[in-house]
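**Q** Once you've had a glance at the structure underneath, I'll fire off some questions.
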Protein chains: 2
Amino acid sequence: MHLDQTISLLRRTPPALDALLRDLPEGWIFRNEGGDSWNVFDVVGHLIHGERTDWIPRAKTILELGETRAFEPFDRLAQKRESKGKLLGQLLDEFAHLRNDNLTQLRGLNLRPADFERRGRHPALGVVTLSQLLATWAAHDLTHLHQISRIMAHQYREQVGPWIDFLGVLKCAGHSS
Amino acid sequence: MHLDQTISLLRRTPPALDALLRDLPEGWIFRNEGGDSWNVFDVVGHLIHGERTDWIPRAKTILELGETRAFEPFDRLAQKRESKGKLLGQLLDEFAHLRNDNLTQLRGLNLRPADFERRGRHPALGVVTLSQLLATWAAHDLTHLHQISRIMAHQYREQVGPWIDFLGVLKCAGHSS
């Protein structure tokens, strides 16, 4: 685990999403890919819920309790409730603030190389290591950047005409809900 | 074609890529997804080549020549030659500069609603409209943001352990090379 590299990525996600999404026309914020799929607003709310309940709380569970207690299950629909009545700009601010706090906490753990192999218990996946948790935190950001680019591109599906054959993002069926 | 919405997206891509990529550790810039797949450096070079030779030149071809002359074919490997010896920071600067110029040119065309239905000829796809070209410009940005998130996530493929099952981006096989 190259912690510095992972932190370098984790601190980039809020400004990257800010540059991409702040003050975006509503057509891109609230349209989804059909059915009960998520829109961009849902995705940012989901990232916020992760900052509050997932990554750092789970890292602390590993360090304090090891495998003796499974992590709290993650609520993948919490944002439907928690984002209600907010504006996208507020969510972007909240995400940036929470991520910054969490990276400060992560640095404050002063992890030594041996710590990365410490083990915890995921409620569905079983035994996992701290190193895997931290790598997943970064890869989870990228999964949702991947999803956001796909949701936004979906709004152009009809408009691109025959070019659809050349646009990989419009062939992506989505790999997470 | 909502030109304002498309311009709003097109002007976001350079700052979003800047926030995500500038001064990124080399492990994320120069590693690819295996074989002769592209790395992040290649993708930014490809976006630059598009700014130089694809979108605005093709829009002008449509407006000036209609279907009488097919567009110049796009060189998908130009960046291997043109990016040689440059740093990623230089490429990000170059992309931002060219995109800004091109959006100034686009606004300067003073397109009227009827212009969006004007037709040109793509060397492989046949007849296309100006509206489709402009939508493709934006969707092409999103295709490569989608690809960049996938290339970066690939570097975590081994490190995430059992979480791989929950990370959509690691199930994406890539839909463009």
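**Q** Taking only Cα atoms and a 10 Å spring cutoff, compute GNM fluctuations for chain A and point out the largest among A:L88, A:L125, A:L133.
**A** The residue with the greatest mean-square fluctuation here is A:L125.
**Q** Pop the C-beta distance of B:A78 and A:T104 into the FRET formula with R0 = 51 Å and round what comes out to the nearest 0.05.
**A** Calculated transfer efficiency: 0.75.
**Q** Highest GNM mean-square fluctuation, chain A, Cα pairs closer than 10 Å: which of A:V43, A:V128, A:V160?
**A** Maximum fluctuation in the GNM of chain A, among the listed residues, is at A:V160.
**Q** Considering chain A as a Gaussian network with a 10 Å cut-off on Cα pairs, which listed residue, A:L77, A:L130, A:L142, attains the greatest mean-square fluctuation?
**A** Per the Cα network of chain A with a 10 Å cutoff, A:L77 tops the list.
**Q** With θ taken as phi - 60° and the coefficients 6.51, -1.76 and 1.60, list the Karplus ³J(HN,Hα) couplings across region B:36-41 in order, rounded to whole Hz; mark glycine and proline as x.
**A** Running phi through 6.51 cos²θ - 1.76 cosθ + 1.60 with θ = phi - 60° gives 9, 5, 7, 9, 4, 4 Hz.
**Q** Classify region A:1-81 as rounded, prolate or oblate from the Cα gyration tensor: take a ≥ b ≥ c as the square roots of its eigenvalues, call it rounded if a/c is under 1.5, otherwise prolate when a/b beats b/c and oblate if not.
**A** Because a/c hits 1.5 or more and a/b fails to exceed b/c, region A:1-81 counts as oblate.
**Q** Tell me the accessible surface of B:E72 in square angstrom (1.4 angstrom probe, heavy atoms of protein chains only), to the nearest ten.
**A** Counting only protein heavy atoms, B:E72 exposes about 140 Å² to solvent.
**Q** What does the helix-only formula give at 222 nm for the protein assembly as shown: each DSSP H stretch with n ≥ 4 adding -39500 (n - 2.57), the total divided by the residues, and the result rounded to the nearest 500 deg cm²/dmol?
**A** Helix contribution divided over all residues of the protein assembly as shown: -17000 deg cm²/dmol.
**Q** Still on this model: Could you sort A:D75, B:D42, A:D165 by accessible area so the largest value comes first, with the probe set to 1.4 Å?
**A** A:D165, A:D75, B:D42
**Q** Label-to-label distances across copies for B:G85, with labels 7 Å out along Cα→Cβ, in nm, shortest first?
**A** 6.1
**Q** How high is the relative contact order of region B:84-177, in percent, counting Cα pairs under 8 Å that sit 6 or more residues apart?
**A** The normalised contact order for region B:84-177 reaches 14 percent.
**Q** In terms of the Cα gyration tensor, with a ≥ b ≥ c the square roots of its eigenvalues, is region B:1-42 rounded because a/c is under 1.5, prolate because a/b exceeds b/c, or oblate?
**A** Since a/c reaches 1.5 but b/c is at least a/b, the shape of region B:1-42 is classed as oblate.
**Q** Please report the relative contact order for region B:27-80, taking Cα pairs under 8 Å with a sequence separation of at least 6, and give it as a percent rounded to a whole number.
**A** 35 percent
**Q** Right, something else. How far is helix B:130-154 tilted, in degrees, relative to the longest principal axis of the Cα atoms in chain B, given as a value from 0 to 90 rounded to the nearest 10?
**A** Around 10 degrees separate the two axes.
**Q** Quick one: which residues, 5+ away or cross-chain, put their amide H under 5 Å from the amide H of A:V127? H built at 1.01 Å from N.
**A** A:H122
**Q** To continue, here is another question. Just need the relative contact order of chain A here, percent rounded to a whole number, with Cα pairs under 8 Å and 6+ apart.
**A** With pairs under 8 Å counted, the relative contact order is 30 percent.
**Q** Amide H of A:W38: which non-local residues (sequence gap of 5 or more, or other chain) have their own amide H closer than 5 Å, using H built in the peptide plane?
**A** For A:W38, the qualifying residues are A:E33.
**Q** Still on this model: Could you tell me the extents of chain A's C-alpha atoms along the three principal axes, largest first, rounded to whole Å?
**A** Principal extents (largest minus smallest coordinate, Cα): 54, 33, 29 Å.
**Q** For region B:13-91 and region A:34-91, what is the separation of their C-alpha centers, rounded to whole Å?
**A** Cα centroid of region B:13-91 versus Cα centroid of region A:34-91: 35 Å apart.
The values are calculated or read from the model by the stated rules, or taken from the named source; none is laboratory data. Everything numeric in this text was worked out from a predicted model, so none of it was measured. Using ideal geometry, Cβ is built from the backbone for each residue, glycine included, and neighbour counts are taken over all protein chains shown. To get the accessible areas, we keep the full protein, side chains included, count just its heavy atoms, and leave off ligands, DNA and RNA. Shrake-Rupley method; radii C 1.70, N 1.55, O 1.52, S 1.80 Å.
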